[in-house]
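Novice: Before anything else, here's the structure in question.
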Amino acid sequence: MEHGSFSDHSKSTFSLSDEDHTLANSVRFTLNQDPRVAFCGYSIPHPSDARVNIRVQTTGDSAREVLKDACQDLMLMCQHVRSTFDKAVVDYKLSKPVKDMSIEK
């Protein structure tokens with residue numbers, strides 16, 4: 001849900017349900033890498049409420065579009081980490097003969 005001004009699209013607060021610090025801090029980090037972002041922060045209204053509020057203020061661009069771009073960038077980063085990890089696992093398994101691996105039956 002977006003809470004913002006109808007007249008100024010460069011400032012908005014986005015409320016995300018069923019999320020916690022894991023996603024909120026990652027999105028905050030990604031948003032702060034964007035030069036279009038003047039301010040970004042998040043809060044969790046109450047520890048028992050699985051909801052985060054992310055505040056985005058930009059230098060003029062739509063806060064919604066900047067948040068969308070940040071989420072896409074975060075997705076690409078996650079895909080890169082996953083593919084790098086998967087490749088490292090395959091490389092490790094190929095570098096060690098099966099008899100050298102301590103596999104318990």
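Here, each number is a calculation from the coordinates, and none is a lab measurement. Source: prediction; values computed, not measured. Cβ coordinates were reconstructed from backbone atoms using ideal geometry, including for glycine residues, and neighbour counts include every protein chain displayed.
Novice: Given the DSSP H assignment, sum -39500 (n - 2.57) over each helix run of at least 4 residues in the chain and divide by its residue total; what's the result at 222 nm in deg cm²/dmol, nearest 500?
Specialist: It lands at -15000 deg cm²/dmol.
Novice: Suppose each label sits 7 Å from its Cα in the direction of the beta carbon; what would the D91-E65 distance come out to in nanometres?
Specialist: Modelled inter-label distance: 3.9 nm.
Novice: Kindly identify region 44-93 as rounded, prolate or oblate by the Cα gyration tensor criterion: order the square roots of the eigenvalues as a ≥ b ≥ c, call it rounded if a/c is under 1.5, otherwise compare a/b with b/c, prolate if a/b is larger, else oblate.
Specialist: oblate
Novice: Divide, for the chain, the radius of gyration over alpha carbons by 2.2 N^0.38 Å, where N is the residue count.
Specialist: 1.53
Novice: Where does the Debye-calculated log10 I(q)/I(0) of region 1-49 sit at q = 0.14, 0.16, 0.23, 0.31 Å⁻¹, using only Cα point scatterers of equal weight, no solvent?
Specialist: -0.40, -0.52, -0.97, -1.26
Novice: Moving to a separate point now. What does the highest-first list of 54-65, 75-86 look like by mean Cβ count within 10 Å?
Specialist: 54-65, 75-86
Novice: Rounding to the nearest 10 and keeping the result within 0 to 90°, find how far the Cα-based axis of helix 21-32 lies from the longest principal axis of the chain.
Specialist: 70
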